[in-house]
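Visitor: This is the structure I have questions about; it appears just below.
The values are calculated or read from the model by the stated rules, or taken from the named source; none is laboratory data. Since the model is a prediction, treat every value here as computed from it, not as a measurement. Note that each Cβ is placed from the backbone with ideal geometry, even for glycine, and that neighbours are counted across all protein chains shown.
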Amino acid sequence: MTTGWPTALVSLGPAVSTFVGHPRSSARSAVFLAVAAAGAAALYVTDPGITSLVVGGWSVLGGAFSLALTMRTARDFAGQTNDLGSVRARRQQLAKELGELKRVGAQTEREHKETLALYGLIKGLANAMKWADVKPTLESAVDQYLGVADYALYIADPKNREGFRLLTARRLDGSPGASWATLERCLQERGLAAGEAHRLDAPEKAVTAPVLENGELVGYFYARAPHKADLDALLSKAQSFASEISFAFRRLRLFQEVENLSQIDGLTGVYRRGDFDTRLEREAVRAKTFKTTFGLMLLDIDHFKGLNDRYGHPFGDQVLKRVGEILNTSVYDTDFVARYGGEEFVVLLPRAQPEGAARKAEMIRMAIEAEKFQLGFETVRVTVSIGIAHFPRDAGTPEELVAEADAAMYEAKSRGRNQVVDSWAIRHSS
């Protein structure tokens with residue numbers, strides 16, 4: 001029997017092959033199988049016998065088994081690797097699909113909120129009767145539907161010298177959309193028509209959309225674009241918004257016109273006495289609450305009865321109408337002009353100071369004096385006497401204030417007519 005290190009070395013071949021090749025290196029197992037076979041052959045050649053044959057066979061069979069085991073393990077591992085890759089790929093695909101679903105869900109939710117905002121807008125506008133009623137509804141719709149925080153909404157106003165007045169505005173200090181005058185100038189400088197929607201890139205990124213009703217410009221919307229906003233998408237939504245509110249703007253204007261007709265004196269074009277009384281009470285409450293002042297101007301057409309007697313009532317009506325027009329064009333939008341009775345008119349001047357009220361009264365007196373009334377070949381001129389009183393300087397109640405202004409007006413008449421007298425001057429004259 002052959003013994004010694006050659007035999008031991010050959011007998012270790014399967015173990016070494018398994019150790020080196022397992023679990024996946026079948027190439028190493030094959031190499032060691034070849035080495036084991038060569039060793040077995042060399043062992044048998046150098047020492048023929050049953051022991052060399054058994055040891056050599058064991059070495060070759062063990063190496064072959066190790067190779068087979070390693071190849072099977074390699075195949076299983078490769079299959080598991082492929083399965084794991086498939087699982088990872090599927091997981092990535094599912095994550096991508098989940099992300100897309102979330103995006104679509106967020107988009108759907110956003111569109112749902114926008115639809116609800118438009119529905120709320122339409123419902124709110126349908127029930128509104130005054131501009132003050134629609135303002136909160138419009139602001140909420142702009143926030144929820146358009147998603148902009150810096151905007152302005154204008155409405156057509158025939159009484160406004162500029163043609164439009166601001167209904168609501170948010171955070172537009174220093175922006176061309178902060179006032180209608182600057183916005184209109186911005187459009188004109190760029191050759192853009194106010195009756196069309198536009199996207200602006202300068203002086204700031206913004207969109208504009210006219211509010212049209214049967215081709216008539218009844219309002220205007222301006223919005224500063226949020227950072228990184230899609231201007232084209234924002235412009236499209238602004239146009240939709242303007243289209244949805246156009247019917248309400250037209251209806252509210254009609255309501256306002258009807259209301260104004262019921263409040264306006266048909267001959268002179270100024271407010272009626274009853275509306276003046278209501279406005280005077282409110283102004284007195286406001287002045288007491290906020291510790292402010294206001295002025296009252298009462299004027300009477302001099303020798304009006306004589307004009308009627310000499311030239312007839314149609315001429316008297318012509319004079320009354322023209323005086324009303326002069327008064328309306330001579331005061332601020334915040335002032336209030338009314339026909340007090342017959343040939344008397346009254347002007348309410350919120351927050352007016354005595355010096356400013358006196359200058360305005362003198363300007364009105366001179367404008368009426370300069371007016372020429374043509375009656376055939378004769379030119380007729382008229383004058384007015386004006387009395388002024390201030391709250392709370394001259395009176396503590398509306399009734400006392402009217403009485404003070406009336407007394408000042410009659411003082412003007414007693415001094416020769418065609419002049420302005422302040423109630424304060426009467427009480428402090430020497």
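Visitor: Across region 291-314, which residue is farthest from the chain's Cα centre (by Cα) among those that are surrounded by 15 or more Cβ atoms within 10 Å (Cβ to Cβ) and part of a helix (DSSP H, G or I)?
Guide: That would be Tyr311.
Visitor: Taking Ala403 as the residue in question, decide whether it is at pLDDT 95 or above, in contact with a Gly (Cβ under 8 Å, 6 or more places away or on another chain) and either within 17 Å of Asp302 (Cβ to Cβ) or not assigned by TED's automatic domain parsing to the domain that holds Asp157 (or both).
Guide: Spelling it out, it is not the case that Ala403 is at pLDDT 95 or above, in contact with a Gly (Cβ under 8 Å, 6 or more places away or on another chain) and either within 17 Å of Asp302 (Cβ to Cβ) or not assigned by TED's automatic domain parsing to the domain that holds Asp157 (or both).
Okay, residues lined up against (1) in a loop (DSSP other than H, G, I, E, B); (2) of a type in the set (A, V, I, L, M, F, W, C); (3) without any contact (Cβ under 8 Å) to a residue 40 or more places away in the chain:
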site: Gln374; (1), (2), (3): no, no, yes
site: Gly387; (1), (2), (3): no, no, no
site: Ala395; (1), (2), (3): yes, yes, yes
site: Ala405; (1), (2), (3): no, yes, no
site: Lys413; (1), (2), (3): no, no, no
site: Arg417; (1), (2), (3): yes, no, no
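Visitor: Follow-up question, since we're still on this one. Please determine, by comparing only the residues of region 175-202 that are touching a His at 6+ places or on another chain (Cβ under 9 Å) and either hydroxyl-bearing (Ser, Thr, Tyr) or surrounded by 12 or more Cβ atoms within 10 Å (Cβ to Cβ) (or both), which one is nearest to Gly163 (Cα to Cα).
Guide: Selected residue: Leu187.
Visitor: Also, quick follow-up: Just for region 413-430: of the residues that are out of contact with any Gly (no Cβ under 6 Å at 6 or more places or on another chain) and among the aliphatic types (A, V, I, L, M), which one is surrounded by the most Cβ atoms within 10 Å (Cβ to Cβ)?
Guide: Among those residues, the one meeting the criterion is Val420.
Visitor: Filter region 338-367 down to residues that are among the small types (Gly, Ala, Ser) and within 16 Å of Ser423 (Cβ to Cβ), then give me how many there are.
Guide: 5
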